[in-house]
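**Q** First the structure, then my questions, so here it is.
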Amino acid sequence: MPCNYRRLDILIIIIILTSFLLMPVASAEENNIPAAGSPDLYSIERYQLPENVTAVDAMTVDAQGNVWFADSSMPCLFRFDPVQRSFNGYMMPPADNTRITGLYADDAGSVWYADRDGNRVGRFSIPDERFYTYNFPVDIKPTDVVYLNGFLWIACKDELGRLDISSKFLVDHWVSKRSSDLFELQADNESNIWFIEYSAGKVGAYLKAYNGVAEYDIPAEDPYPTSMALDSKRRLWFSESGPDRLGMFDTSTEQFAEYDMPAIGKKPVINRLTVDGNDHVWLTDVENSRLIKFFPDIQRFAVLELSTENSYPTLIEYDGKGIIWFIESGSKVLAKLHASPEYGLSDLVPLPTVTPEPSPSPTVSPTVTPGFEFVAALLALLVALRKRS
């Protein structure tokens, strides 16, 4: 009998050791994240722009996934069909000066544009391939447009304009400072229209409930915001071209946050940004030919180095279906990026070190080795068996 118990003891010890050794390995395999450059985490397809394109000045994506972009030098509006992998060009009505700075594709079959130097806005009717233009009698310098419920919202130098398409009547919603230079527009789920003010250094919005404009000063000195996008959590992300920071304004709490760009090799020089379906922020680092991804929940950056030398990425847009489109201005390419939400997690870049304010020391919980409770239970069983012998 004693011999039988010794054999049982040995068998239990083997089981304990085997379980203890295997459990961490299984846990590591479940949480394993491939390397940042692993091809199963992202893919990029590139499409050479038409030969007559000299520069892409504005870009948007419609509900069908077609990519629209404008070249002001012709001027010409282009459409890229991702299914056919083909480009079509449509010559825009001429003007004394043309600089297309904003494009917007609505759900009714039109692509709207803002021509800052031509002092006009217009639309391209997709079904009949025809342009319609709206010229302004005074210099308002339109920079971006959003079409919503029969009205065309227009970002201008001194005001947010609302053009009634049926009557062609323009209502001006003035901001507090002249020559604020409103840039980029986006409507939220409550039909509020958000914008940034480049020269005034503010975030602003037309608030539907109050039928008026509200403005919020960006905390940074001379921020010069140039690009913005809203995420699903009502956070407005914007680039600060002055201090070269990533800024965030929570439209629910009306609180700002700012993030210094880390020195990743060379310090990034941000051009534009977009937000994907997982609320990750993507930025084009034009100076260093790469994309930068920001994870808001963990407040960390990651880098996607572009294989094309001197690609100089500029414009970037998310299509709402998992694809990010961007322009490589150096190689004159339209690029299609499909990236896993996990891309970059294995190669995070910490934020610049900041000396924290003194605070009470947090309570530290003891570290528990994975599987420890299971091992302790088996040891207790072994002791019980020995006592019975």
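**Q** Could you please find all residues in region 283-318 being over 14 Å from the mean Cα position of the chain (by Cα) and small (G, A, S)?
**A** Hits for region 283-318 are S289, S307, S311.
**Q** If only one of G265, G247 is small (G, A, S) and either open to solvent by less than 20 Å² (accessible area, probe 1.4 Å) or within 15 Å of the chain's Cα centre (by Cα) (or both), which one is it?
**A** One residue alone meets the criteria, G247.
**Q** Considering only residues that are part of a loop (DSSP other than H, G, I, E, B) and not small (G, A, S), which ones fall in region 247-285?
**A** T251, T253, E254, M261, P262, K267, P268, V269, D276, N278, D279, H280, listed by residue number.
**Q** Is it the case that some residue within region 92-100 is within 24 Å of the chain's Cα centre (by Cα) and acidic (D, E)? Steps first, please.
**A** Within region 92-100, the first condition is being within 24 Å of the chain's Cα centre (by Cα), and the residues that meet it are 100.
Narrowing further to those that are acidic (D, E): none.
Taking every residue of region 92-100 in turn, none turns out to be within 24 Å of the chain's Cα centre (by Cα) and acidic (D, E).
**Q** Which pairs have Cβ atoms under 7 Å, sit 6 or more apart or on different chains, and link a residue in region 57-69 that is at negative phi to one that is at pLDDT below 95 and part of a loop (DSSP other than H, G, I, E, B)?
**A** Note: pairs meeting the criteria are A63/D107.
**Q** Another question, then. When region 135-175 is examined, which residues are found to be open to solvent by 40 Å² or more (accessible area, probe 1.4 Å), among the polar types (S, T, N, Q) and under 29 Å from the mean Cα position of the chain (by Cα)?
**A** Listed by number, the list holds a single entry, N149.
**Q** Which residue pairs have Cβ atoms closer than 8 Å, lie 6 or more positions apart in sequence or on different chains, and pair a first residue in region 200-215 that is within 11 Å of T251 (Cβ to Cβ) with a second residue that is of a type outside the set (A, V, I, L, M) and outside any strand (DSSP E or B)?
**A** Going by the 8 Å Cβ cut-off, the qualifying pairs are A205/N192; A205/T251; L207/N192.
**Q** Another question about this same structure. So in region 99-129, with the set limited to residues that are in contact with a Lys or Arg (Cβ under 9 Å, 6 or more places away or on another chain) and among the β-branched types (V, I, T), which one is nearest to D158 (Cα to Cα)?
**A** Residue satisfying both the conditions and the ranking: T101.
**Q** Given the residues T308, T284, T274, T314, which is the only one that is surrounded by fewer than 18 Cβ atoms within 10 Å (Cβ to Cβ) and among the β-branched types (V, I, T)? Break it down stepwise before answering.
**A** Details: T284 fails: surrounded by fewer than 18 Cβ atoms within 10 Å (Cβ to Cβ); T274 fails: surrounded by fewer than 18 Cβ atoms within 10 Å (Cβ to Cβ); T314 fails: surrounded by fewer than 18 Cβ atoms within 10 Å (Cβ to Cβ).
T308 is the lone residue from the list that is surrounded by fewer than 18 Cβ atoms within 10 Å (Cβ to Cβ) and among the β-branched types (V, I, T).
**Q** Mind listing whichever residues of region 69-101 are part of a strand (DSSP E or B), closer than 14 Å to V56 by Cα and among the polar types (S, T, N, Q)?
**A** Result: T101, single match.
**Q** Looking only at residues that are polar (S, T, N, Q) and over 21 Å from V269 (Cα atoms) in region 196-235, which one is nearest to the chain's Cα centre (by Cα)?
**A** In this case the residue turns out to be S232.
The values are calculated or read from the model by the stated rules, or taken from the named source; none is laboratory data. Because the structure is predicted, anything quoted here is derived from the model rather than measured. Virtual Cβ from ideal backbone geometry, glycine too; neighbours counted across all protein chains shown. Only protein heavy atoms, including side chains, enter the accessible area calculation; ligands, DNA and RNA are left aside. Shrake-Rupley method; radii C 1.70, N 1.55, O 1.52, S 1.80 Å.
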